[in-house]
Amino acid sequence: MTAEFRWTRKDLLSLYDLSAEEITYILDTAEEFKKVSERNVKKVPALRGKTVVNFFVEPSTRTRVSFELAEQRLSADIVNMTASTSSLTKGESLLDTVRNIEALQVDLLVMRHRATGAQNFIAQNVSCGVINAGDGAHSHPTQALLDMFTIREKKGRIKGLKVAIIGDILHSRVARSNMWGLLKLGADVVFAGPATLVPREFEEAGVKVCHRLEEALEGADVVNLLRIQHERQSAGFFPSINEYSRFFGINQENIKRLKPDTLIMHPGPINRDVELDSSVADGPNSVILEQVTNGLAVRMAVLFLVAGCGGKR
Ligand code: CP
């Protein structure tokens, strides 16, 4: 990274928009912020005087808690909002809701929404900074950044690694965001799962698509499992959970195909013994809880950089 590099974006919406240089700059900044959480006093004044609103219109554990902790560790003033207790329930539009929040001189809005593109739409219509905490099946940039941070920390690089992402790719914002970020940093990305959940169209973006688990695991440096979404089951994407688990679940038997130092990752929440056997999720190759720890550092970095742009156009 060149010393002259300057972050210039008021929003973080998607890794699709970012250059390799910008992604690397976030990861480098997160490395510095990780040290803050390892100190006795886990707080710095970087966002003192800034106000952040966390607006989660979809459920979340990891993302919501780590954004809030990240903001506290940066000394920001914080307001947490949920859809169910907001005037969205009275029929107020999303844009009106956010414009009213902005009228309170808020600097940053961290938002999760079930609709693809909701944060892009809001960012175009407000002057405060907008950070995407997950929109529909489209984008979850801070999840992919924390995944890449964890890979780089453990392996010392990303370029040239084989990263297999296995599961419900079709409905996964985590898979898309990882794909955009990892390809930009030079990884070989493989998507694997049933053909109904891993369409060949992804090959156009530069990933390898396969429908046999053995092919995905062969030579993999990283295996990132995605949650099988029980709610999709009624749509008939695969015959049964048992069937999925038998062909694509990671267990003690099929991890014998992996190299001894292959990382096992999962964004959470895990369906234990469906996509990932408990003994593997909690086993020596798993870095799942380290991903969560690193999420805090990555979110501190993103908040710091976006707020540093004034959070204003
Ligand atoms: N990985 C992730 O986004 O988890 P949450 O839905 O709990 O935030």
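When shorter helices are ignored and each DSSP H run of at least 4 residues is given -39500 (n - 2.57), the per-residue value for the chain at 222 nm works out to -11000 deg cm²/dmol. Neighbours of E38, meaning other residues whose beta-carbon lies under 14 angstrom from its beta-carbon, give a summed charge of +2 when Lys and Arg score +1 and Asp and Glu score -1. The gain in end-to-end length when the V79 to E38 segment is fully stretched comes to 12.2 nm, 0.36 nm per residue minus the alpha carbon separation.
Distance from the Cα centroid of the stretch 21-61 to that of the stretch 258-313 is 15 Å (rounded to whole angstrom).
Full extension of the chain segment joining T8 with D28 gains 5.6 nm, where the gain is 0.36 nm per residue of separation less the Cα-Cα distance. Distant-in-sequence amide contacts of I250, defined by a placed amide H-H separation under 5 Å and a gap of 5 or more residues or a different chain, comprise L276, D277.
Expressed to the nearest 5 percent, the antiparallel share of DSSP beta bridges inside the chain is 5 percent.
Against the longest principal axis of the chain, how steep is helix 141-155, in degrees 0 to 90 to the nearest 10, with axes from Cα atoms? Between the helix axis and the principal axis of the chain, the angle is about 60 degrees.
Across the stretch 243-260, computed HN-Hα scalar couplings (Karplus, 6.51 cos²θ - 1.76 cosθ + 1.60, θ = phi - 60°) run 5, 4, 4, 5, 8, 10, x, 9, 9, 4, 6, 7, 6, 5, 6, 7, 5, x Hz from first to last residue, x flagging Gly and Pro.
Stretched out straight at 0.36 nm per residue, the stretch from F121 to E253 would grow longer than its current Cα-Cα span by 42.9 nm.
Protection proxy ranking for 204-212, 33-41, 247-255, 106-114, using the average of other Cβ atoms within 10 Å per residue and placing the highest first: 106-114, 247-255, 204-212, 33-41.
For the Cα trace of the stretch 14-115, dividing Rg by the Kirkwood Rh returns an Rg/Rh value of 1.01.
Using the Karplus relation 6.51 cos²θ - 1.76 cosθ + 1.60 with θ = phi - 60°, the per-residue 3J(HN,Hα) values for the stretch 283-289 come to x, x, 8, 6, 10, 4, 6 Hz, with x marking Gly and Pro. In the chain, the longest principal axis of the Cα atoms and the axis of helix 62-73 are about 40 degrees apart. Close amide H contacts of F56 (hydrogens built in the peptide plane, cut-off under 5 Å, sequence separation of 5 or more or a different chain): M81, A83, R112. To the nearest ten degrees, helix 173-184 and the longest principal axis of the Cα atoms of the chain are 90 degrees apart.
Where does the charge balance sit around D77 when Lys and Arg score +1, Asp and Glu -1, over other residues with C-beta under 10 Å from its C-beta?
Cβ neighbours under 10 Å give a net charge of 0.
Near S139, once Lys and Arg are set to +1 and Asp and Glu to -1 for all other residues with Cβ below 10 Å from its Cβ, the sum equals 0.
If only the Cβ of Lys and Arg carry +1 and only the Cβ of Asp and Glu carry -1, the dipole of the chain around its Cα centre is close to 620 debye. Taken over the chain, the ratio of Cα radius of gyration to 2.2 N^0.38 Å equals 0.99.
No lab work stands behind these numbers, since they all come straight from the coordinates. This structure is a prediction, so every number in the text was calculated from the model and none was measured. As a convention, Cβ positions derive from the backbone with ideal geometry for all residues, glycine included, and neighbour counts pool all protein chains shown.
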